[in-house]
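Student: One structure is given below, represented as structure tokens, and several questions about it will come after.
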Amino acid sequence: MKFKLLKILLLLIFLVFFQNISFAALKNSIVAKVGNEIITSLDIQNEIKTILILGNKNINQKNINDTKAIALKSLIRDSIKKIEVEKFNVKEFNQKAFDNYLLNVSKNLNTNKSDLKNYFEKNNISYKKFVKKIQTELMWNSLIFKIYRNQLNINPVEVENEIKQTINKKNNIIEYKLSEIEIPITKDIQKIINQVYDSIDKEGFKNAAKKFSVSTSSINNGEIGWISENTLSKNYLNELKKIKEGGVSRPIKIVDSVVILKIDNIKTTANVNINLNKIKDRIINQKKEEKLKLFSRSHFSNLENSILIEFQ
């Protein structure tokens, strides 16, 4: 606990020192060490620019200052994951997810996938580092699955009960297309939550997810896709019932995190001609995804508390 408080104190000292330094005044110097990984002032500059460009925001001093803390936290998180991925010599990642992410980024920037590299270079942003960051996140996902795949057993009784609920439901089946922002619980959680909602109001949910979410869905703008109401937890469903399509939920506490949901779309399907195999597969996959996210958060938290982070 003392070690974690020391890291927070060092981070605050660094941010105060770094707050009003402009890009023009920066020289390439070591800012922090995360294990054997080095974070330089130019790394922070590059990360700030990347966050602002992806959020369609102007690169001005106010936006730079507002983004510095987020950029540093992002680089520390990436470094921790990179160290763990290299430790286990993970090379594989979901190529389809990678391609889809680049495609979504291209569309958001009003360019195409083939010109995305040029777009980054024109804005003096390292495309190579951007790509490596996404690949590291996807390799982290592969690692978590590899480590915990034998713990993904799903209680068949729970699955059968949810299938029965779907079959016995006389009304139409409601499905939600959802996006999420997951925030780890810290001592200043309320302050961060306020910042997230402020970012949602000013920049949109997608950009807020890229900035603040620690969930692996953040690389896909927070999108988690279509989910039937029958497979949602009571906490999630209770909050979703309070908002309409396009709405954003209140914070929902889950274990050691807080989740904010957005309803991107809602569709209603008549409860006839039910494909039991599809329903069963969907329920099982959803429960496995939930378990993997829990394992990912826990694994990262253990690493974060044990790894040495030094500020220069």
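Student: Suppose we take every Cα in segment 141-188 and form the convex hull; what volume per residue is that in Å³?
Tutor: Numbers: hull volume 9.1 nm³, N = 48.
Taking the convex hull of the Cα positions in segment 141-188, it is 189 Å³ per residue.
Student: Using a simple spin-label model with points 7 Å from Cα along the Cα→Cβ vector, what separation in nm is obtained for Ser142 and Glu245?
Tutor: 3.8 nm
Student: What are the residues whose amide H is under 5 Å from the amide H of Val90, where those residues sit 5 or more places off or on another chain and H is modelled from the backbone?
Tutor: none
Student: With the convex hull built on the Cα atoms of segment 71-122, state its orientation-averaged projected area in nm². Spell out each step's value before the answer.
Tutor: Numbers: hull surface 19.3 nm².
Its Cα hull, projected and averaged over all orientations, spans 4.8 nm².
Student: Oh, and also: Stretched out fully, how many nm does the piece from Asn238 to Ser29 gain, at 0.36 nm a residue minus the Cα gap?
Tutor: 70.3 nm
Student: When the dipole is taken about the Cα centre of the chain, and only Lys, Arg (+1) and Asp, Glu (-1) are charged at their Cβ, what size is it in debye, to the nearest 20?
Tutor: So the dipole magnitude of the chain works out to roughly 40 debye.
Student: Under the 0.36 nm per residue contour assumption, what length would be gained going from the current alpha-carbon distance of Thr111 and Ala69 to full extension?
Tutor: So the extension gain works out to 12.3 nm.
Student: Output the Kirkwood hydrodynamic radius of the chain, Cα pairs only, in Å rounded to one decimal.
Tutor: For the chain, the Kirkwood estimate is 21.1 Å.
Student: If you don't mind, there's one more thing I want to ask. Straight-line reach only, C-alpha to C-alpha below 17 angstrom: list the aspartates and glutamates that Lys241 could link to, leaving out same-chain residues fewer than 8 apart.
Tutor: By straight Cα distance, Lys241 reaches Glu175, Glu180, Glu229, Asp264.
Student: Taking all protein chains together and a probe of 1.4 Å, list Lys293, Lys211, Lys177 from the most accessible to the least accessible.
Tutor: Per-residue accessible area, sorted high to low, gives Lys177, Lys293, Lys211.
Student: May I ask you to derive the FRET efficiency for Trp226 and Gln312 from their Cβ-Cβ distance with R0 = 35 Å, giving the value to the nearest 0.05?
Tutor: It comes to 0.15.
Student: Be a star and scan segment 133-176 for residues whose amide nitrogen sits under 12 Å from the point 7 Å along the Cα-to-Cβ vector of Lys91.
Tutor: So the set is empty, nothing qualifies.
Student: Related question: Using r as the Cβ-Cβ distance of Lys164 and Asp281, and R0 as 22 Å, what FRET efficiency do you calculate, to the nearest 0.05? Write down the numbers at each step before the final one.
Tutor: Details: r = 16 Å, r/R0 = 0.73.
That gives a FRET efficiency of 0.85.
Student: Determine the gain in length on full extension of the stretch Asp99-Arg149; use 0.36 nm per residue of separation and subtract their C-alpha separation, reporting nm with one decimal.
Tutor: Roughly 15.6 nm would be gained on extension.
Student: For the chain, which longest stretch is free of loop sites, where a loop site is one of the GluC sites (Glu not before Pro) that DSSP puts outside H, G, I, E and B and that has at most 13 other Cβ atoms within 10 Å?
Tutor: Between the exposed loop sites, the longest stretch runs 93-244.
Student: Give the separation of the Cα centroids, segment 250-312 to segment 40-77, in Å.
Tutor: What the calculation gives is 27 Å, centre to centre.
The values are calculated or read from the model by the stated rules, or taken from the named source; none is laboratory data. Small disclaimer: the values here were computed from a predicted structure and weren't measured. Every residue, glycine among them, receives a Cβ derived from its backbone with ideal geometry; neighbour counts consider all protein chains shown. The accessibility values were calculated without ligands, DNA or RNA, using every heavy atom of the protein model including side chains. Shrake-Rupley method; radii C 1.70, N 1.55, O 1.52, S 1.80 Å.
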